[in-house]
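Read the structure below first, then the notes.
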Amino acid sequence: MVSQDVLDTMIGSRAVAIDPQAAQAHYQTAMQAEADGDRDEAVVLLRKAVQVGDNAEYEFKLAYFLDLLGEEDDAVAMYEQLCLRDQPYVNALLNLAVVYEDRGEIAQAEKCLRQILETSPNHPRALRYMKDVQASKDMYYDEEHARDLAKRNALLDTPVTDFELSVRARNCLKKMQIRTLGDLLKITEAELLSYKNFGETSLVEIKTMLASKGIRLGQGLEGQFSRLRKEIYEQLRGKASEAVLGKPISVLDLSVRARKALQFLGIQTIGDLATRTEAELMGVKNFGQTSLTEIDEKLINFGLGLRSLE
């Protein structure tokens with residue numbers, strides 16, 4: 001948003017006394033200059049009209065002519081100023097929406113049009129422009145989404161041999177038929193560690209490599225797990241209230257070891273914890289039977305327990 005100081009510089013100091021009659025005379029002369037084909041002179045006269053008059057029509061005409069002359073930044077500044085009035089100038093909102101859309105600022109364009117439609121739901125031009133803006137938004141989103149998807153697929157198709165891994169880690173991945181980064185997203189830490197000769201050092205090495213790419217082990221499995229947990233969470237509503245299910249796990253007052261395990265799994269509420277199984281918790285490093293018993297006892301106090309595998 002342009003500052004008032006910048007705007008005043010464009011139209012002249014506001015210290016000049018308001019003179020409605022002089023402003024009207026400048027405006028009428030400006031319209032005659034425009035009719036005669038002298039738009040530059042019309043702009044000069046409109047600046048004078050705006051300087052000595054407080055009239056939205058004068059400001060809009062100045063912004064419109066500036067826009068036609070290619071002075072887009074100055075025009076936008078004027079349009080934005082008109083939109084700050086107690087009663088925003090509708091034509092300014094419409095023109096500003098068009099400029100924003102041309103610039104690719106789709107959200108700003110939509111905001112201008114919604115401002116009109118909130119008070120005039122059937123405004124024909126605003127409705128027509130809104131369709132265009134929303135179509136642009138969908139197209140912009142689709143293009144962005146397609147580019148992001150292409151980049152992601154290219155990344156996931158990258159062979160693990162392209163990265164500097166130790167001989168042991170490389171050989172283990174080869175024997176497990178893990179060939180690409182995408183394959184690594186479909187396997188868990190526990191599965192890697194269960195493979196012969198694959199130890200903590202190799203695990204850390206691979207996790208560090210994945211983290212540098214903004215991805216992690218098991219990430220590709222989260223979709224199916226999250227859908228399952230959502231279904232189970234709905235079933236839990238019959239056992240406990242939403243207030244209980246939404247309580248943070250901090251209310252359980254767990255030991256440090258148990259708390260760290262839940263943090264590692266991203267568990268934040270009692271309801272989320274009750275959707276997990278013993279196997280999931282026991283798969284976390286340093287989480288043992290003592291911690292499991294502790295969590296079971298805490299959940300029982302709320303009439304809940306860990307999910308049982310069917």
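One decimal place: the segment E118-D19 gains 32.2 nm when fully extended, by the rule 0.36 nm per residue minus the C-alpha distance. Relative to the Cα centre, the charge distribution of the range 4-140, modelled as +1 at Lys and Arg Cβ and -1 at Asp and Glu Cβ, gives a dipole magnitude of about 480 debye. In terms of other Cβ atoms within 10 Å, S255, S202, S250 run from fewest to most in the order S250, S255, S202.
For T180, the residues 5 or more places off, or on other chains, whose built amide H falls under 5 Å of its own are V160. A cut-off under 14 angstrom between Cβ atoms defines the neighbours of E41, and their net charge, with Lys, Arg +1 and Asp, Glu -1, is 0. Stretching the chain fully between K111 and Q289 yields a gain of 58.5 nm (0.36 nm per residue, less the alpha carbon separation). Close amide H partners of F198, meaning residues 5 or more places away or on another chain with modelled amide H under 5 Å apart, do not exist here. For q values of 0.12, 0.13 Å⁻¹, compute log₁₀ I(q)/I(0) with the Debye formula on a Cα-only model of the range 234-305, without solvent. The Debye formula, applied to the Cα set alone, gives -0.27, -0.32.
For the range 7-114, the list of GluC sites (Glu not before Pro) that fall in a loop by DSSP and count at most 15 other C-beta atoms within 10 angstrom reads E105. Solvent-free Debye calculation, one equal scatterer per alpha-carbon of the range 4-140: log10 I(q)/I(0) at 0.11, 0.13, 0.21 Å⁻¹ equals -0.43, -0.59, -1.19.
Spin-label model, E234/Q134: points 7 Å from Cα along the beta carbon direction are separated by 2.8 nm. For a modelled paramagnetic label at K260, 7 Å from Cα along Cα-to-Cβ, the residues of the range 267-285 in reach, with backbone nitrogen under 12 Å, are 285.
FRET efficiency for the S166 to T188 pair, using the beta carbon distance and R₀ = 25 Å, is estimated at 0.75. Rounded to the nearest 20 debye, the dipole magnitude of the range 160-217 is 160 debye, with +1 charges on Lys and Arg beta carbons, -1 on Asp and Glu beta carbons, and the Cα centre as origin. Cβ crowding within 10 Å ranks S212, S291, S166 as S212, S166, S291, fewest other Cβ atoms first. Scanning residues 5 or more positions from T269 or on other chains, those with amide H under 5 Å from its amide H are I249, with H placed 1.01 Å from N in the peptide plane. Counted over the range 160-217 with a bin width of 10 Å, the fraction of Cα pairs per bin, in whole percents, is 24, 68, 8.
Simple spin-label estimate for M176 and D54 gives 7.3 nm between the two label positions (7 Å along the Cα-to-Cβ direction from each Cα).
Throughout, read-outs are computed from the coordinates displayed, never taken from laboratory work. The model shown is predicted, which means the values in this text are computed figures rather than measured ones. Reconstructed Cβ throughout: ideal geometry from the backbone, glycine too, with neighbour counts over all protein chains shown.
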